[in-house]
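Notes for the one structure printed next.
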Amino acid sequence: MKILFATVAADGHFNPLTGIAVHLREAGHEVRWYTGRNYAAKLERLGIPHFPFDRANEINGDNIADLFPERARLRGPALIRFDFEQFFVTNVEKYFEDIREIDQTYPFDVLFCDGAFMAARLVREALHKHVCAVGPGPVLATSKDVPPNFVGLKPARNAAGRLLYRVMGAVMDRMVLTRGTAIYNSMLATHGLAPVKGSIYDEFYRAADVFFQSGVPDFEYARREVNPKFRFVGPLLPHGAISARPFPYSEKINAKQRVILVSQGTLDNKDPRKLIIPALEALSSSGALLIVATGHSHTEELRRSFPQDNIVIEDYVDFGAVLERADLFICNGGYGSVLLSLSHGVPLVVAGIREGKNDVNARVDYFGVGINLRSESPKPNAIRRAAERLLAEPRWKLNAMNLADDFRRYRPNALIDGYLADVKEHATPSPAGAM
């Protein structure tokens, strides 16, 4: 098959699909990728030809502050509304026009896209392509059983709580989604397609032919609604995230020493005072080996401020190799990072609210695999107390190990291969030939 991947230009949307793409290429499919120019080097290393955004605007962690300086001041519904419109909706028509042009020179059979790539319906219904969407974050589908999205709440315990959540959800949808939904529906109408009915969050799970969700049911809020397109496939981790590489800092550690990994992610990592510095201040004298991934932000400055022998500060850290030996992961709650940690059975201290991280962190708390500090900028004392508790109480590690066992029961690539084989078997040959 000729397969085109298409993703929003953000690490949390791009990275989880790289493992699928490399696997499909190695299985004999022709694979290419449409995304921002910022990913050209990564795709070259993966050996996947790149179609860069042409009409579409690339918004990423490197340029977002310059493009939208006002975003830093936004909070709550205003921030959610801004991100929804600017990151996802305004590019839809531009994505579609780019892909329609790509199809002229690379007539692909199947589109794989991240769930927030909202041109999926246009590609499926206007270009008549088979579309496989991939959910790289927590499930956003609405339900009577779950809290509203992006508020960091856990499922209600009784009918009154569920009613309150439904009211909250309706109010938030009006505040956050109304204008973006109108823009999206106008694009659909331009192509003769029906408008979205109900919450546009559910469109993510209906627009494609199938929706492959990263993760497992035991790390997701239960919903009574059944969507025949939706299927869990286990954790979708970046290519190379799980490996047999040895622990890279063996000269720094003794047999009984604790290892704590610290990361502030790749989007919100420009100010290390939010999480990295408080974590180092909290734990530098703990005796643990602290391994910090800066994402190429303030690395040398942090090394000068924290020169202790038990602290390693790097632009890039091989998370998979470190998590093989780690006792604890402190991060701001990116879904991919959390799944990677749990795939190694490592509990977490999480501190993040923006970009939907509060919902990920609420799940960390709800399923008992870590402590949610419920803050963008936690204090050192809060980090120290949480770390000490996680390392002293076995239940956190046990819960994380149980999830790791659950993760290992899934074979994402085999499930996707089986689905594509069925698609190929039932495909109607086009004038250009069968898939």
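Key figures
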| item | result |
| --- | --- |
| Within region 171-193, considering residues that are touching a helix residue (DSSP H, G or I) at 6+ places or on another chain (Cβ under 7 Å) and assigned to a loop (DSSP other than H, G, I, E, B), the one surrounded by the most Cβ atoms within 10 Å (Cβ to Cβ) | 177 |
| Residue in region 56-77 that is farthest from residue 150 (Cα to Cα), counting only those that are among the hydrophobic types (A, V, I, L, M, F, W, C) and at pLDDT below 85 | 67 |
| Test result for residue 133, over 16 Å from residue 17 (Cα atoms), open to solvent by less than 20 Å² (accessible area, probe 1.4 Å), within 20 Å of the chain's Cα centre (by Cα) and modelled with pLDDT of 95 or more | no |
| Checking residue 151 against (1) in contact (Cβ under 8 Å) with a residue 12 or more places away in the chain; (2) under 23 Å from residue 113 (Cβ atoms), the condition it does not meet | (2) |
| Any pair with Cβ under 9 angstrom, 6 or more apart, that starts in region 48-60 at a residue that is under 16 Å from residue 4 (Cα atoms) and ends at one that is of a type in the set (Phe, Trp, Tyr) and part of a loop (DSSP other than H, G, I, E, B) | 49/106; 51/106 |
| Only listed residue being open to solvent by less than 40 Å² (accessible area, probe 1.4 Å), under 22 Å from residue 181 (Cβ atoms) and not charged (D, E, K, R), chosen from 21, 6 | 6 |
| Tally of residues being assigned to a helix (DSSP H, G or I) and open to solvent by less than 50 Å² (accessible area, probe 1.4 Å) across region 60-85 | 11 |
| Yes/no for residue 117 being closer than 21 Å to residue 13 by Cα, modelled with pLDDT of 95 or more, open to solvent by less than 50 Å² (accessible area, probe 1.4 Å) and outside any helix (DSSP H, G or I) | yes |
| Of all residues making up region 257-281, the number that are more than 27 Å from residue 65 (Cβ to Cβ) and open to solvent by less than 60 Å² (accessible area, probe 1.4 Å) | 3 |
| Total residues in region 194-219, condition in a helix (DSSP H, G or I), of a type outside the set (Val, Ile, Thr) and closer than 23 Å to residue 127 by Cβ | 4 |
| Matching residues, region 44-59, being in a helix (DSSP H, G or I) and open to solvent by less than 40 Å² (accessible area, probe 1.4 Å) | 46 |
| Counted residues, region 292-309 - those being open to solvent by 80 Å² or more (accessible area, probe 1.4 Å) and touching a Phe, Trp or Tyr at 6+ places or on another chain (Cβ under 9 Å) | 1 |
| Restricting region 194-203 to residues that are within 30 Å of residue 234 (Cβ to Cβ) and free of Cβ contacts under 8 Å to residues at least 60 places away in the same chain, the residue that is surrounded by the most Cβ atoms within 10 Å (Cβ to Cβ) | 200 |
| Qualifying position, being under 21 Å from residue 140 (Cβ atoms), modelled with pLDDT of 95 or more and in contact with a Leu (Cβ under 7 Å, 6 or more places away or on another chain), among 364, 360, 346 | 364 |
| Residue selected from region 204-234 under the condition buried (at least 22 other Cβ atoms within 10 Å of the Cβ) and not hydrophobic (A, V, I, L, M, F, W, C), by the criterion farthest from the chain's Cα centre (by Cα) | 234 |
| Residue within region 238-261 that is within 19 Å of residue 356 (Cα to Cα) and either at pLDDT 90 or above or part of a helix (DSSP H, G or I) (or both) present | no |
| Some residue of region 268-277 being over 21 Å from the mean Cα position of the chain (by Cα) and in a helix (DSSP H, G or I) | yes |
| Elements of type helices (runs of 4 or more DSSP H) contained in region 310-423, each with 1 or more residues being over 30 Å from residue 73 (Cβ atoms) and open to solvent by 30 Å² or more (accessible area, probe 1.4 Å) | 319-323, 357-366, 380-392, 394-408 |
| Which numbered condition residue 30 misses (of (1) open to solvent by 40 Å² or more (accessible area, probe 1.4 Å); (2) in contact with a helix residue (DSSP H, G or I) (Cβ under 8 Å, 6 or more places away or on another chain)) | (2) |
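The values are calculated or read from the model by the stated rules, or taken from the named source; none is laboratory data. Quick caveat, the model's predicted, so the values are computed rather than measured. When we count neighbours, we look across all protein chains shown, and the Cβ atoms used for this are built from the backbone with ideal geometry, even at glycine. The protein model used for the area step is the full one, side chains on, heavy atoms only, and it has no ligands, DNA or RNA in it. Shrake-Rupley method; radii C 1.70, N 1.55, O 1.52, S 1.80 Å.
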